[in-house]
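Enquirer: Below are the structure tokens for one structure; questions will follow.
What follows draws every value from the coordinates through simple rules; no lab data is involved. Because the structure is predicted, anything quoted here is derived from the model rather than measured. Cβ sites come from the backbone with ideal geometry, for glycine too, and all protein chains shown count toward neighbours.
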Amino acid sequence: MQHIISVLVENKFGALSRISGLFSGRGFNIETLSVGPTLDPSVSMMTIVTQGEDRIIEQITKQLNKLVDVIKVVDLIEKAYVERETALIKVNARPEDRAEALRVADIFRANIVDSSPNTYTIEITGDVNKVEAIINLLQPLGIKELIRTGRIAIAREEVKMTAVKENLDRRALSGQAK
């Protein structure tokens, strides 16, 4: 089963190496890894996508929590989350294919971020399925280069039904509900 693990870590030398070493030491491949600073520049967020049985991933999560530089570990598969990926795709833009490349980019709400007489560079952001779909449609035109960021994800804010019900009750009492 695929897991998306969010790791809040102190932005210190060697932290990434220790975390990736924990995975490789247990024979797990990291499918994608994205790391970036948070609002606090001394702290970074890592998003790790990997495959494994729930029991093994739980052990890895517990071992990650024991690392000195790790502040918090969350397996997002256990929560509602939002994920995105960005890709830059350089495609052939021969005169006979230029309109098709623009049409495909438009359908996916992608942006042309660079253009030359022979190529377009298309930027796409969305879930993995959206990125895969545009890649599949652009392949017949000739993809010259492809770079993907890997997935990033963030937990959705939990909405408690009691708060929603209280808001509806207040609106009903004030005569706003219809």
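Enquirer: In the Gaussian network model of the chain, springs joining C-alpha atoms below 10 Å, which of Ile107, Ile77, Ile122 carries the largest mean-square fluctuation?
Expert: Among Ile107, Ile77, Ile122, the largest GNM mean-square fluctuation belongs to Ile107.
Enquirer: Follow-up. Below 8 Å, C-alpha to C-alpha, sequence gap of six or more: please give me the relative contact order for region 1-150 in percent.
Expert: Relative contact order of region 1-150: 25 percent.
Enquirer: Could you give the length gained on full extension between Asp106 and Lys72, defined as 0.36 nm per residue of separation minus the Cα-Cα distance, in nm?
Expert: The span from Asp106 to Lys72 would gain 8.3 nm if fully extended.
Enquirer: If each of Arg26 and Leu39 carries a label point 7 Å out from its Cα toward its Cβ, how far apart are those two points in nm?
Expert: With each label point 7 Å from Cα toward Cβ, the separation is 3.1 nm.
Enquirer: Once label points are set 7 Å from the Cα along Cα→Cβ at both Asp127 and Phe13, what is their separation, rounded to one decimal in nm?
Expert: Rounded to a tenth, the inter-label distance reads 4.2 nm.
Enquirer: Quick one: among Ala101, Ala110, Ala80, which has the greatest mean-square fluctuation in a GNM of the chain with alpha-carbon springs under 10 angstrom?
Expert: Evaluated over the chain, the most mobile residue of the options is Ala80.
Enquirer: Name the residue, out of Glu123, Glu31, Glu100, whose mean-square fluctuation peaks in a Gaussian network model built on the chain with Cα pairs under 10 Å.
Expert: Greatest mean-square fluctuation among the candidates belongs to Glu100.
Enquirer: Suppose every Lys and Arg Cβ carries +1 and every Asp and Glu Cβ carries -1, with no other charges. What dipole size does the chain come out with about its Cα centre, to the nearest 20 debye?
Expert: Here the chain has a charge dipole of around 320 debye.
Enquirer: Tell me which residues come under 5 Å, amide H to amide H, from Asn11 once H is placed; ignore anything under 5 positions away on its chain.
Expert: Counting only residues 5 or more places away or on other chains, the set is Val43, Ser44.
Enquirer: Beyond a 25 Å Cα-Cα separation, which of these cross-linked pairs lie in this structure: Lys72/Lys130; Lys12/Lys72; Lys62/Lys130?
Expert: Distance filter (> 25 Å) returns Lys72/Lys130; Lys62/Lys130.
Enquirer: Still on this structure, please answer the following. Return the calculated 222 nm mean residue ellipticity for the chain, to the nearest 500 deg cm²/dmol, obtained by summing -39500 (n - 2.57) across DSSP H runs with n ≥ 4 and dividing by the residue count.
Expert: Per the formula, -10000 deg cm²/dmol.
Enquirer: For a test of the definition: using alpha carbon positions, the gyration tensor, and the 1.5 limit on a/c, classify region 1-136 as rounded, prolate or oblate.
Expert: Taking the square roots of the gyration eigenvalues as a ≥ b ≥ c, region 1-136 is prolate.
Enquirer: If you take every DSSP beta bridge fully contained in the chain, what fraction is antiparallel? Give it as a percent rounded to 5.
Expert: Beta bridges within the chain, antiparallel portion: roughly 100 percent.
Enquirer: Charges at C-beta only: +1 for Lys and Arg, -1 for Asp and Glu. How large is the resulting dipole of region 11-92 about its Cα centre, in Debye rounded to 20?
Expert: Charge dipole, region 11-92, about its Cα centre: 260 debye, nearest 20.
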